[in-house]
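The values are calculated or read from the model by the stated rules, or taken from the named source; none is laboratory data. In this text the structure is predicted, and so the values were computed from the model without any measurement. As a convention, Cβ positions derive from the backbone with ideal geometry for all residues, glycine included, and neighbour counts pool all protein chains shown.
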Amino acid sequence: MRQFRRLVRLCLVAFALVGGPAAAQAPERTWHATGYISRWANTDLLDVPERSFAGDLTFEDSNFVGAGVARVIVPSFAIPLPGTDFAFRGNRIEIEGQVLRHFGDQTHWEGTLALMFRTGQIPLFGGLSVNIAVGEGLSYASERPRLEGSFRVEPSRFLNYLALEAEFSHASLPGVYFVPRIHHRSGIFGVIAPRESGSNFIGAGIRVDLR
C-alpha cells in the first residue's frame, strides 16, 4: 500500500514540476483515452474527502487496472451566473466507456458506460491547470464481486456507476494529463439494488488526447 501511495504522489509531483516553455493553445479535443490503476477504499463515498485529509483511509487488497475511451458530445459551452455578467466557460459533456480487470481479493472484469460533465480549465501555478469532472452511468461486473455486499446482502453484478475526477495538465505537455479518480458502484440507496451494495475505489491514471 505504501508503494501505491508513493507512486501516485511521485506522478503528481513530477507532473507539476515539468519544465520548458509553454506550448501554444491546442485545439479543443474530441476523443481521449486513459489508463487507470485503483485500489478498494474502506469508506463511504461522502467520507472520502475528510478521511483523505485526515490520513485515516484504509484499503483492502482489491485493485483494478483498466482503460477508458471518451468522446466529447457537447463541446465547450458557458453556464451564466444569474443576475450577473459572469459565466463559467469551457464546460463539456462527454460519453465514456471503460473496461477494467480486478485482481487481488476480487478477480473479475467490469465494464462501465457514463456521461461525464467537465468544467473549464482552472489555472493553478507554473503552467499547471486543472478541471473537475463528475460522471453518472452504469457498471456491470462479469461475476458477483466478492467484497461487495454484506452478510445480509448478496453482491450484485449490475449497479449504478459514479465517477469523480480531477484532470491536471501542464502547458509544456499539451494533450497529456494526470487524473486522480474515485470509482463508485452503488444501488442508489436501494433503488436498483439493496443498501450495503457497492464499493469505492481510489486511484489515478494517465490520459492522452486522441483529437
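I want to confirm something. Restricting to the range 80-96 and keeping residues that are outside any loop (DSSP other than H, G, I, E, B) and among the hydrophobic types (A, V, I, L, M, F, W, C), which single residue is nearest to Arg39 (Cα to Cα)?
Ile95
Could you check Gly190 against (1) outside any loop (DSSP other than H, G, I, E, B); (2) under 17 Å from Leu45 (Cβ atoms) and say which number it fails?
(1)
Taking only the range 97-113 into account, find how many residues are assigned to a strand (DSSP E or B) and either crowded, with 20+ Cβ neighbours inside 10 Å or among the aliphatic types (A, V, I, L, M) (or both).
Residues that pass the stated criteria total 7.
Answer yes if at least one residue in the range 117-135 is of a type outside the set (Phe, Trp, Tyr), assigned to a strand (DSSP E or B), modelled with pLDDT of 95 or more and closer than 23 Å to Ser62 by Cα, and no otherwise.
yes
Please state which one of Tyr140, Tyr161, Tyr177 is assigned to a strand (DSSP E or B), within 20 Å of the chain's Cα centre (by Cα), surrounded by fewer than 17 Cβ atoms within 10 Å (Cβ to Cβ) and of a type in the set (Phe, Trp, Tyr).
On inspection, the qualifying residue turns out to be Tyr140.
Do we have Leu147 as in a loop (DSSP other than H, G, I, E, B) and among the aliphatic types (A, V, I, L, M) here?
yes
So is Phe53 in a strand (DSSP E or B) and more than 23 Å from Thr112 (Cβ to Cβ) or not?
So Phe53 does not fit the description; no.
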